[in-house]
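For reference, the structure is listed below as structure tokens.
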Amino acid sequence: MNTAAAVADFRSYPLISALTTVQSLADRVLVKWADGRVSPFHHQWLRDNCPCPVCVYTVTREQVLEIVDVAEDLSPAVTQVDALGCLSIAWLDGHTSRFDPGWLRAHAYDDESRIERRAGKPKSQRWNSQLTLPVFEYQAVMDDPNVLLQWLLALRDIGLTQVRGIPTEPGSLTSIAKRISFIRESNFGVLFNVQSKADADSNAYTAFNLPLHSDLPTRELQPGLQFLHCLVNDADGGESIFVDGFAIADALRQEDPEAFRALCEIPVEFRNKDRHSDYRCLAPIIALDALGQVSEIRMANFLRGPFDASVEQMPKLYRAYRRFIAMTRETCFRHMTRLNPGEMWCFDNRRTLHARNAFDPASGARHFQGCYIDRDELLSRILVLQR
């Protein structure tokens, strides 16, 4: 069940355990739950998170109060569990705050609650050459919000999916991409055409093989999702290859911690230059999140500038860089298959490295269309669909 009291959010919070008692201390209150857990809440935190209409604008559900406008030594006059099971606090300055127990439990910061909350967060699923590829049907994704959600969860957790049954008219990709959010435009356009051409401004627009890479590592923020939709694929060759960059980074961390650390700490410059633009970004190949987990891989050898590291670091960087690339070539990590007309890859561009075997343009036409959407839009869409 969900508790009935209003909270300053668009989500609902299940009543995991009822509040039983509350005890006031000098700078905090101690809340005891029916399941025996005890959660401390500092006065500053409680006042900062008051959900009342004075502190939060009810239309946007965004905070109006700034904690600096409240006395630093504020304290409650009365604390109690009210008749509806909510934590009610009457402050000495005359303000009253009332906290929904479902919301309060979801945001409790005692050690047990924080560990529990972290354990409940989505976890990416590492994969290798034995991946069972998540495949979805275009019409179902377009028509059924539940199928859409399952597709997006696979994108979030696995980082590589395929959608089949898409019309092969140019521009058809736009409709399914917009089921997630707006498309991120780049210097290659809103939609870009992947086909061999004489005046190519990227190796992607040739018949060469492309080594495993992420797109646009030359940007401060690499695109989160990449879509590649096959319109025609009659040429010999051109198979798609994917590896889970997170799985390779984890394997390197276990095998050679010093090499892993070098790729996390020594920045590399990536460059994307043509006749009309010049993009450059200096960043490590492996990025970690606030908890020390791998959150991003930035890699494209054909878009890399000369290494600029100290004399002491240069041998370490080359050893680590060579090992990482060598691991991407190991068959145990590589998922390879051919994309057929009407099929589309959609993958996490900041995790899943992709490659293409060389193809023979004289043997037939090969035309893919692609686009990008940022990872934030994926995560937002999932949360909205879930609530």
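In the set (1) without any contact (Cβ under 8 Å) to a residue 12 or more places away in the chain; (2) touching an Asp or Glu at 6+ places or on another chain (Cβ under 9 Å), the condition left unmet by GLN254 is number (2). Among the residues of segment 236-250 satisfying the criterion of being surrounded by fewer than 19 Cβ atoms within 10 Å (Cβ to Cβ) and outside any strand (DSSP E or B), which is nearest to the chain's Cα centre (by Cα)? In this case the residue turns out to be ASP250.
Consider segment 50-91 and keep the residues that are assigned to a loop (DSSP other than H, G, I, E, B) and among the polar types (S, T, N, Q). The one that is farthest from VAL31 (Cα to Cα) is THR60. Within segment 219-234, is even one residue assigned to a helix (DSSP H, G or I) and touching a residue at least 40 places away in the same chain (Cβ under 8 Å)? No, there is no match, as no residue in segment 219-234 is assigned to a helix (DSSP H, G or I) and touching a residue at least 40 places away in the same chain (Cβ under 8 Å). Can you name the residue in segment 1-19 that is out of contact with any Cys (no Cβ under 7 Å at 6 or more places or on another chain), among the aliphatic types (A, V, I, L, M) and under 26 Å from ASP93 (Cα atoms) and, of all such residues, is modelled with the lowest pLDDT? Result: ALA6. When VAL38, VAL22, VAL70 are checked against the criterion of being within 30 Å of LEU291 (Cα to Cα) and at pLDDT 95 or above, a single residue qualifies: VAL38. Checked against (1) closer than 30 Å to ALA154 by Cα; (2) not in a loop (DSSP other than H, G, I, E, B), TRP127 meets all criteria but (2). For segment 334-353, which residues satisfy the criterion of being more than 16 Å from ALA177 (Cβ to Cβ) and buried (at least 22 other Cβ atoms within 10 Å of the Cβ)? Across segment 334-353, the qualifying residues are ARG350, ARG351, THR352, LEU353.
If you check ARG179, ARG156, ARG114 for being modelled with pLDDT of 95 or more and within 28 Å of PHE333 (Cα to Cα), only one passes: ARG156. For GLU296, the conditions (1) more than 24 Å from ARG126 (Cβ to Cβ); (2) modelled with pLDDT of 95 or more; (3) buried (at least 18 other Cβ atoms within 10 Å of the Cβ) are fulfilled apart from (1). Residues in segment 265-288 that are at pLDDT 95 or above and part of a loop (DSSP other than H, G, I, E, B): ILE266, PRO267, PRO284, ILE285. Screening ASN49 against (1) touching a His at 6+ places or on another chain (Cβ under 7 Å); (2) surrounded by 16 or more Cβ atoms within 10 Å (Cβ to Cβ) leaves a single unmet condition, (1).
Test ALA326 against the stated conditions and say whether it is loosely packed, with under 13 Cβ neighbours inside 10 Å and at pLDDT 95 or above.
Details: loosely packed, with under 13 Cβ neighbours inside 10 Å: yes; at pLDDT 95 or above: yes.
So ALA326 fits the description; yes.
Selection within segment 195-210: residues that are closer than 26 Å to PHE246 by Cα and buried (at least 18 other Cβ atoms within 10 Å of the Cβ). The member of this set that is modelled with the highest pLDDT is LEU210. Considering only residues that are in a loop (DSSP other than H, G, I, E, B) and aromatic (Phe, Trp, Tyr), look in segment 292-341 and name the one that is farthest from the chain's Cα centre (by Cα). That would be PHE307.
Say we look at segment 369-387 and pick out the residues that are modelled with pLDDT of 95 or more and not in a helix (DSSP H, G or I); which of these is surrounded by the most Cβ atoms within 10 Å (Cβ to Cβ)? Residue satisfying both the conditions and the ranking: CYS371. The single condition among (1) at pLDDT 95 or above; (2) out of contact with any Ser or Thr (no Cβ under 6 Å at 6 or more places or on another chain); (3) within 22 Å of GLN23 (Cβ to Cβ) that GLN80 does not meet is (2).
The values are calculated or read from the model by the stated rules, or taken from the named source; none is laboratory data. Here the structure is a predicted model, which is why all the values come from computation and not from measurement. Neighbour counts are summed over all protein chains in view; Cβ atoms, including those assigned to glycine, are modelled from backbone coordinates with ideal geometry.
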